Amino acid sequence: MPLLEETTLPQAHPPTLPVVIIGNGPSGICLSYLLSGYEPYLDTGAVHPNPILYRKLQETKHLPITEQDLEYLSEGLEGRSRNPVAVLFDTLLHPDADFGYEFPPVLQWRRDKQQHIPHVVLGKATPGGAWHAMEGSMLTISLGIWMELPDVNYRDLSNGKRRDASSDRATPEEISSYYRNYVNLNGLQNNFVDNTYVTCVQKLSRGHQGEGLENRHTNGGGGEVGDGVNECFEGNGVECENTGEGGALWEVRGYQQVQNDTHIPFSLFAENVVLATGASDSPVRLNIEGEDLPFVFHSISDLGLALSQRKLDPKSDPVLIVGAGLSAADAVLCACNSNITVLHAFRKNIDDPDLIFKQLPKTLYPEYHKVYNKMSSQTYTNVAPSSAPNRQQATSIASSVCAKMCSKPQLATRTSAGNASVSTFPDYTSFPEHCVVSFQSDMKCLLQGNNSFKAFKISMALVLIGTNPNLFFLKEQGQYLSMDPEKPISCKQNPIDIHPYTYECAKEPGLFAMGPLVGDNFVRFLKGGALGVASCLLKRHKKKEKLITNGGNHFI
């Protein structure tokens, strides 16, 4: 989506909110739920299977979890997240899920409208975030029940669909529908503003608002911005107020896309901004020759589109899939299920302990272990060793190597004794410890292994080696917020540095981050970010109320 060059004049009375959430996926939806007065208590009729945690919960069962000491509750818990509150909330919602059990949540939800904190959730589409962009019948990584949000059973909204006893997965369409319905069922729709694109987030000193806004000019059309803001935001039912003197404010600017592709710019102030944008904005690229050719793609949805349009069939040249993550595995499954020949290249050794497949229980993820078995057993037979040149040399000889294409791939198949026997599989061949050197305009690709080159003619290539967030609207694209500010933000290698129990950015008070931005890529765990942020903001809100009651300064 092209961005409007958004430079606006200050409004006479710009709206100010306690919280602005950027991103309307499951992270933003869950946080909106918690900020809307819904409070989690220990269900008096439930017993948690972890006796130590259950004892702690019993100590303060009269208080909602958001008012308790999350560090104390999280102590000693273990799970598949680096963030302790994420592990805590997951074990409260899905006790012992990693052991294959399906125990009910131990939480009971009550609504106290007095605990509502005014907020707005800005999203590029309808609530559900990136799930609306996912197509096809591919099933989710997680079980359907792990995709659900607090207090609304996924199966209740999906008509009780359950595919089999061991794999209760869902399609992206089912999940996106669940999230849309969740917002409406809980009366959250007035907090959400759809089709909005944030173009700038900057910190201002509340005592110097005028100075902070001096550099803004008229927009590209020469007009002033102001009327559209109240229509976009206050018209959606969001309570906007002007704050008094106090700490710093954030200015959030952008535009809302309406009918006929019209852009209505907006500008508002916020005491706190929450980044819940996910990590699907920018696919990671190989940065090699030919990567921009029309048969090279970076999204699994392009494979689904090619199949639906009958551009691929069992007689087509192979599809090259690059990557060893779950997206690449999804592509392998999708292609093989359609009888499409697959060449699967990845850099890691098949026995690398960091492969995601080694971290997933076989009973819960049989499909992915099926792919892993293919990767480890149906591997290409190496040709005679040769001196492997560097990348520059490899590129220079790409054309000549591609002119001598390999015949149909032969595979070295591991036997039960661990020895290798040669066989031929028509539908799938893996290339461990290989990288792509180049793509050629005649639809050939050049692969380089440890000691050889291989060239194949392909019908399309899918480069699925990860995605990175795009925080262009922040200073330095948000890089200064990361664990290593010398490197770009990466959800796996270099997430945003946050306080472990509040999710507030370590380098920027008043700015919070959650979800994939802090390393939580599964819906199961990103909900913990909502708990941490909401707990922090609600506790601060209570402190402000006490100050007001005691005759202190005025706050929202």
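The values are calculated or read from the model by the stated rules, or taken from the named source; none is laboratory data. Only a predicted model underlies this, so the values are computations on that prediction, with no experimental measurement involved. In this analysis, Cβ positions are derived from the backbone assuming ideal geometry, glycine residues included, and neighbour counts consider all displayed protein chains. Protein only, heavy atoms only, side chains kept; ligands, DNA and RNA dropped before computing areas. Shrake-Rupley method; radii C 1.70, N 1.55, O 1.52, S 1.80 Å.
Hey, could you check the stretch 476-497 for residues that are over 15 Å from Ala513 (Cα atoms) and open to solvent by 70 Å² or more (accessible area, probe 1.4 Å) and say which is nearest to the chain's Cα centre (by Cα)?
Narrowing the stretch 476-497 to residues over 15 Å from Ala513 (Cα atoms): 476, 484-488, 493.
When the remaining residues are screened for being open to solvent by 70 Å² or more (accessible area, probe 1.4 Å), the result is 476, 486-488, 493.
Working: Glu476: 21, Glu486: 23, Lys487: 20, Pro488: 17, Gln493: 15 Å.
Only one residue fits best here, namely Gln493.
Go through the stretch 431-448 and give me each residue that's in contact (Cβ under 8 Å) with a residue 60 or more places away in the chain and in a strand (DSSP E or B).
Here is the first cut: in the stretch 431-448, the ones in contact (Cβ under 8 Å) with a residue 60 or more places away in the chain are 431-441, 443, 445, 447-448.
Residues satisfying the conditions are Phe431, Pro432, Cys435, Val436, Val437, Ser438, Phe439, Cys445, Leu447, Gln448.
So which residues in the stretch 273-302 are closer than 18 Å to Ile21 by Cα, modelled with pLDDT of 90 or more and open to solvent by less than 20 Å² (accessible area, probe 1.4 Å)? Even if it seems obvious, please write down each step before you answer.
First, the residues of the stretch 273-302 that are closer than 18 Å to Ile21 by Cα: 273-281.
Subsequent filtering for residues that are modelled with pLDDT of 90 or more retains 273-277.
If the condition is that a residue be closer than 18 Å to Ile21 by Cα, modelled with pLDDT of 90 or more and open to solvent by less than 20 Å² (accessible area, probe 1.4 Å), then Val273, Val274, Leu275, Ala276 are the ones that fit.
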Residue hits (the stretch 303-320; under 17 Å from Lys457 (Cα atoms) and open to solvent by 40 Å² or more (accessible area, probe 1.4 Å)) are Lys311, Asp313, Pro314, Lys315, Asp317
Residues of the stretch 322-355 satisfying the condition of being open to solvent by 40 Å² or more (accessible area, probe 1.4 Å) and under 18 Å from Val284 (Cβ atoms)
Ser327, Arg347, Lys348, Asp354
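State yes or no: is Trp131 modelled with pLDDT under 65 and closer than 28 Å to Ser301 by Cβ?
yes
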Can you confirm whether the stretch 449-472 contains a residue that is open to solvent by 10 Å² or more (accessible area, probe 1.4 Å), modelled with pLDDT of 90 or more, of a type in the set (Phe, Trp, Tyr) and in a helix (DSSP H, G or I)?
no
Considering Asn349, Asn339, which residue is of a type outside the set (Asp, Glu) and at positive phi?
Asn339
Failed item, numbered, when Arg110 is tested on (1) surrounded by fewer than 22 Cβ atoms within 10 Å (Cβ to Cβ); (2) under 26 Å from the mean Cα position of the chain (by Cα)
(2)
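Matching residues to (1) touching a Gly at 6+ places or on another chain (Cβ under 8 Å); (2) surrounded by 13 or more Cβ atoms within 10 Å (Cβ to Cβ); (3) at pLDDT 50 or above:
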| site | (1), (2), (3) |
| --- | --- |
| His208 | no, no, no |
| Glu211 | no, no, no |
| Asn230 | no, yes, no |
| Glu239 | no, yes, no |
| Gln257 | no, yes, yes |
| Asn260 | no, no, yes |
| Leu268 | no, yes, yes |
| Glu271 | yes, yes, yes |
Here are some conditions: (1) out of contact with any helix residue (DSSP H, G or I) (no Cβ under 7 Å at 6 or more places or on another chain); (2) part of a loop (DSSP other than H, G, I, E, B). Gln477 meets all but one. Which one does it not meet?
(2)
Kindly indicate which of Gly123, Gly144 is within 30 Å of Asp281 (Cα to Cα), open to solvent by less than 20 Å² (accessible area, probe 1.4 Å), modelled with pLDDT of 85 or more and under 22 Å from the mean Cα position of the chain (by Cα).
Gly123
Hits in the stretch 467-497 - residues which are without any contact (Cβ under 8 Å) to a residue 60 or more places away in the chain and of a type in the set (Val, Ile, Thr)
Ile489
What number goes with the only condition from (1) of a type outside the set (Phe, Trp, Tyr); (2) surrounded by 17 or more Cβ atoms within 10 Å (Cβ to Cβ); (3) farther than 19 Å from Thr502 by Cβ; (4) at pLDDT 95 or above that Leu4 does not pass?
(4)
Quick count over the stretch 28-49, residues being modelled with pLDDT of 95 or more and of a type in the set (S, T, N, Q), is 2
